[in-house]
Amino acid sequence: MTSSDPLNAVFEHIEANRTPFLDRLIDYVRHPSISAENVGIAEVGALLVEMLTGIGLETGLVSTEGHPMVVARWEKAPGKPTVLLYGHYDVQPADPIDKWLSPPFEPTIRDGRLYARGVGDNKGQHFAQILAIESHLKVHGALPCNVILLLEGEEEIGSPHIADFVHANIGMLEADLAVTADGPRHASGAPVIKFGSRGEVSFELRCRHANGDLHSGNFGGVVPNPIWTLVHLLGTMKNADGEITIDGFDDEIEPPSKEELAAVERLPLDVEAVKRSLDLVRLDAPAERPFYDRLCFRPTLTINGFHGGYGGLGSKSVLPNEAFVKCDIRLVAAQDPADILRKVAAHVEKHAPEVEFIAQGSIDPSKTPITSPFTAPLRRAFVAAQGEDPLLVPAGFGSLPNYVFTKILGIPAFDTPYANHDEANHAPNENLTLSCFYSGIRTGAALLYELGRLQLLARKAGGVQSAPNSDGQLVRVE
């Protein structure tokens, strides 16, 4: 009997159950769970508790000040690692409904894809993890390692309560690593492992001058224009060369490691194809900045919307009395959201004290070293399940609440996306290819198997004390 036989048996079970697994996914995504509108959250939370209890996990709903967390666990493998699998059961609103080719909560298969709101982000992906757990239990009666499954109900509204929840439940969530299946594969179609996620802060700038709109002929050049005030202020925050010019903004940015630079060099890239696909004639300034440096190693300042003045048909010779702009900043590892918001507020006060600065939501960045001793077993899981070594991405381009694992629990956190790169998450016609769904189940099963091959010698508070090196041998992690 070879060491791969236990995993092959699970793969055979998955293959034999492709149709019932798909039927169950269709049933799951049929249930709306829109956190922004508080639609279906309680019902789907209860559905998950019943489902997870039914496959043999100790499961419960844990209250927060917002929507509850679903926490399930199987911890009957002494001496083996504990992996915390994170996902979220809430979904985005379906608007605009008229852009959907089929109703968003009536799952429909077309051309090898399942179309439904939430199927890619994130129900199909964490359901693949659940089926991987179930498949091991069905075939072997046990899991190869210990598992904690954490499913959040507020990720799509910025995870406002997850940090407090994790702080309050550190003992219940003690694990050696966290793995999230969320987001798309690489645009080339290759599987990826992401080692971090960018943080985000958002804010508004509001300006009001006169007590009402005025005639531009009678008052232009006399009364200040709030739109121009905001334009000039924004020009002091980012220049035409693409440099963010807020005092102290770059102070905490750390240069990438040689391993991270080597990893991005291996990422497939056709810049001209990207430009053609988006009808672009150029990339954003600075022109010389490498493509993946922009997404992995550098923060951004984005104007999300600018509002003020007349926007109707024709012209109107008006001098508006108020205007506002919405912005977000994507943060890289070591940048602190509260510190950045303070620096933006100070910049506004210095350059345009009459402008009101309104801080809004934020999420911390997270980072796990690409040299983590858990990288090797995760890579082996992808090779076993998909026959392809995954690309290594030092930092994900979007924002996930992985900081609660790296900064609060003190454990490494990885993102292993299962969805196709064109899943259209957050957009009409969100979809998941059936091949990605099945390979996700296989990858989840292989992940548990590879972690189960490890024997941890000891665990210390806040993280793993022994873990595998690239040869699968145990080494001490200080």
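Scanning the range 166-190 for residues that are more than 24 Å from residue 330 (Cα to Cα), hydrophobic (A, V, I, L, M, F, W, C) and in contact (Cβ under 8 Å) with a residue 60 or more places away in the chain yields a total of 6. Within the range 27-41, take every residue that is touching a Gly at 6+ places or on another chain (Cβ under 9 Å) and part of a helix (DSSP H, G or I) and give me the one that is surrounded by the fewest Cβ atoms within 10 Å (Cβ to Cβ). Going through the qualifying residues, I end up with 41. So is residue 384 surrounded by fewer than 23 Cβ atoms within 10 Å (Cβ to Cβ), within 18 Å of residue 128 (Cβ to Cβ) and not polar (S, T, N, Q) or not? So residue 384 fits the description; yes. Is it the case, given these coordinates, that residue 240 is under 17 Å from residue 291 (Cα atoms), among the small types (Gly, Ala, Ser) and either open to solvent by less than 40 Å² (accessible area, probe 1.4 Å) or assigned to a loop (DSSP other than H, G, I, E, B) (or both)? Spelling it out, it is not the case that residue 240 is under 17 Å from residue 291 (Cα atoms), among the small types (Gly, Ala, Ser) and either open to solvent by less than 40 Å² (accessible area, probe 1.4 Å) or assigned to a loop (DSSP other than H, G, I, E, B) (or both).
So residue 302 fits all but one of (1) open to solvent by less than 30 Å² (accessible area, probe 1.4 Å); (2) in a strand (DSSP E or B); (3) closer than 30 Å to residue 369 by Cα; what number is the exception? All conditions are met except number (1). Here residue 2 meets the list (1) at pLDDT below 95; (2) polar (S, T, N, Q); (3) part of a strand (DSSP E or B) almost entirely, failing just condition (3).
Which of the residues that make up the range 143-164 are assigned to a helix (DSSP H, G or I) and open to solvent by less than 10 Å² (accessible area, probe 1.4 Å)? Result: 162, single match.
Residues in the range 207-220 that are closer than 13 Å to residue 317 by Cβ and open to solvent by less than 90 Å² (accessible area, probe 1.4 Å): 214, 216, 217, 219, 220. Selection of the range 305-335 for residues being part of a strand (DSSP E or B) and of a type in the set (Phe, Trp, Tyr) yields 306, 324. Filter the range 423-467 for residues that are of a type in the set (A, V, I, L, M, F, W, C) and modelled with pLDDT under 95 and give the result. Across the range 423-467, the qualifying residues are 454, 456, 457, 458, 461, 464, 467.
Per-residue answers, yes or no, for (1) surrounded by 17 or more Cβ atoms within 10 Å (Cβ to Cβ); (2) at pLDDT 95 or above; (3) not hydrophobic (A, V, I, L, M, F, W, C):
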{"residue": "25", "(1), (2), (3)": "yes, yes, no"}
{"residue": "49", "(1), (2), (3)": "yes, yes, no"}
{"residue": "54", "(1), (2), (3)": "no, yes, yes"}
{"residue": "81", "(1), (2), (3)": "yes, yes, yes"}
{"residue": "86", "(1), (2), (3)": "yes, yes, yes"}
{"residue": "89", "(1), (2), (3)": "yes, yes, yes"}
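Would you confirm whether any residue within the range 191-202 is surrounded by fewer than 18 Cβ atoms within 10 Å (Cβ to Cβ) and either without any contact (Cβ under 8 Å) to a residue 12 or more places away in the chain or outside any loop (DSSP other than H, G, I, E, B) (or both)? Checked the range 191-202: no residue is surrounded by fewer than 18 Cβ atoms within 10 Å (Cβ to Cβ) and either without any contact (Cβ under 8 Å) to a residue 12 or more places away in the chain or outside any loop (DSSP other than H, G, I, E, B) (or both). Do you know which residues across the range 137-158 are more than 18 Å from residue 448 (Cβ to Cβ) and touching a helix residue (DSSP H, G or I) at 6+ places or on another chain (Cβ under 8 Å)? Of everything in the range 137-158, those that are more than 18 Å from residue 448 (Cβ to Cβ) and touching a helix residue (DSSP H, G or I) at 6+ places or on another chain (Cβ under 8 Å) turn out to be 152, 153, 154, 155, 156, 157.
Return the residues of the range 349-369 that are more than 27 Å from residue 156 (Cα to Cα) and either touching a Leu at 6+ places or on another chain (Cβ under 8 Å) or among the small types (Gly, Ala, Ser) (or both); say none if nothing qualifies. If the condition is that a residue be more than 27 Å from residue 156 (Cα to Cα) and either touching a Leu at 6+ places or on another chain (Cβ under 8 Å) or among the small types (Gly, Ala, Ser) (or both), then 351, 352, 355, 356 are the ones that fit. Within the range 56-70, the set of residues being touching a Leu at 6+ places or on another chain (Cβ under 6 Å) and either among the small types (Gly, Ala, Ser) or open to solvent by less than 10 Å² (accessible area, probe 1.4 Å) (or both) comprises 56, 70. State which residue is farthest from residue 148 (Cα to Cα) when the search covers only the range 91-104 and only residues that are open to solvent by less than 20 Å² (accessible area, probe 1.4 Å) and not small (Gly, Ala, Ser). Checked the range 91-104; the qualifying residue farthest from residue 148 (Cα to Cα) is 104. Among the residues here, residue 260 does not qualify as in contact (Cβ under 8 Å) with a residue 60 or more places away in the chain and not in a helix (DSSP H, G or I). Considered as a group, the residues in the range 339-369 that are within 30 Å of residue 412 (Cα to Cα), touching a strand residue (DSSP E or B) at 6+ places or on another chain (Cβ under 8 Å) and open to solvent by less than 50 Å² (accessible area, probe 1.4 Å) include one that is modelled with the lowest pLDDT, and that residue is 361.
Residues checked against (1) of a type in the set (A, V, I, L, M); (2) under 29 Å from residue 35 (Cα atoms):
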residue: 336; (1), (2): no, yes
residue: 376; (1), (2): yes, no
residue: 427; (1), (2): yes, yes
residue: 434; (1), (2): yes, yes
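Within the range 271-285, being closer than 30 Å to residue 254 by Cα and loosely packed, with under 13 Cβ neighbours inside 10 Å holds for 271, 272, 282, 284.
The values are calculated or read from the model by the stated rules, or taken from the named source; none is laboratory data. Note that the structure is predicted; figures quoted are calculated from it, not measured. Using ideal geometry, Cβ is built from the backbone for each residue, glycine included, and neighbour counts are taken over all protein chains shown. Just so you know, the surface numbers come from the protein's heavy atoms only, side chains and all, with ligands and any DNA or RNA stripped out. Shrake-Rupley method; radii C 1.70, N 1.55, O 1.52, S 1.80 Å.
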